[in-house]
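Report on the structure given below.
Please treat every number below as a calculation from the coordinates, not as lab data. Remember, predicted model here, so these are calculated numbers, not experimental data. Positions of Cβ are generated from backbone atoms using ideal geometry, with glycine treated the same way; all protein chains shown enter the neighbour counts.
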Amino acid sequence: MTPTHRRPGYWLQLALTLAVCAFMTVPVVLSVLAGLTNNIFIGLESGLTTRWLAEVWSLYRNTIFLSLLIALACLACTLVLGVPAAYYMALRRNRITRLIEELLMLPVAVPGLATALGLILLYGTWQALRTSWLFILIGHVLFTLPFMVRSVLAILSAIDIRTLEDAAASLGASRLQRFLTVVLPNCRQGILAGALMVVTLSVGEFNLTWMLHTPTTQTLPVGLADSYASMRLEIGSAYTIVFFVMIIPLLVLMQALSALGARSRKYVPEAVPAPAVAATPANPHTETRHA
């Protein structure tokens, strides 16, 4: 069907899609342009500059490195805790594991400020921990762990991991061997999807971090809010550009790894069973003669 003969519904869907894209991207584009403009109140006529980016880097570069450190540490913690937990729940689907799964979702359902307040009440008296970035890490792990568990659990439930486990056990594989050689390769896509969510959520988490941070443990979102509240809008917009420059390569890399894993699973050669050969006599006439 040529473009001139497309139905009106096609053009309506296209217009709606473009409108949604514009609704989501235009504010981001305007924020980026504000960070590159000499004077936001005059507009682009005032000229473009990178001096705001330089000021952000000089004032807030420590927040960038700290955010990356917390995000990577959070990813490591959720992998160590979340993948075995999802494996256990996939093997034993009963009321207890379903209750555990629902309890894991509480930090997502409860407002981040409430979770942070609970952490302060529980660990706030430990001065060394309260003033350390590890305190923020605890909050990020609580918030992101359900996403890792859910992603891996969905994959393990779809591939019937119990049957694969029984087959590996029948060949003499131990529990650790089954986990390393059967479970992990089969849930790789779930791990990558969970890792993508964990890293992006950790880098962009504000509510928890705002309550848990100290002046020496300020992360990217907190620094962004601080720059918008206390300085010129150009500084805050330039900070947004730095945020995008940091997070977008991470997203692209993890999406590429996920796509690569999907292609490798798609093109794995499967064993083709040999065609069944009918038991027909080689020389029918001879068989008839003997009969």
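Using only the Cα atoms, work out Rg/Rh for region 110-153, with Rh taken as the Kirkwood radius, to two decimals. Before the final figure, lay out each step's value.
Numbers: Rg = 12.0 Å, Rh = 11.3 Å.
Value, to two decimals: 1.06.
Which is the longest run of the chain containing none of the trypsin sites (Lys or Arg not before Pro) found in DSSP loop states (not H, G, I, E, B) with at most 16 other C-beta atoms within 10 Å?
Working: sites that count: Arg6, Arg92, Arg93, Arg232.
Value returned for the longest uninterrupted segment is 94-231.
Full extension of the chain between Ser132 and Ala114 gives 4.5 nm of extra length, using 0.36 nm per residue less the Cα-Cα distance.
Across the chain, the longest run free of exposed loop sites, meaning chymotrypsin sites (Phe, Trp or Tyr not before Pro) lying outside DSSP classes H, G, I, E and B with no more than 12 other Cβ atoms within 10 Å, spans 127-266. Taking the chain, how much of its Cα-Cα pair set, in percent, is spaced more than 26 angstrom apart? The share of Cα pairs beyond 26 Å in the chain comes to 62 percent. Distant-in-sequence amide contacts of Thr37, defined by a placed amide H-H separation under 5 Å and a gap of 5 or more residues or a different chain, comprise Thr49.
With the contact rule set at Cα under 8 Å and sequence spacing of 6 or more, what percent relative contact order holds for region 123-253? Show your work: numbers first, answer last.
Working: 93 pairs, mean separation 37.7, N = 131.
Contact order relative to length: 29 percent.
Compared with the dominant principal axis of the Cα atoms in the chain, helix 8-35 is inclined by about 40°.
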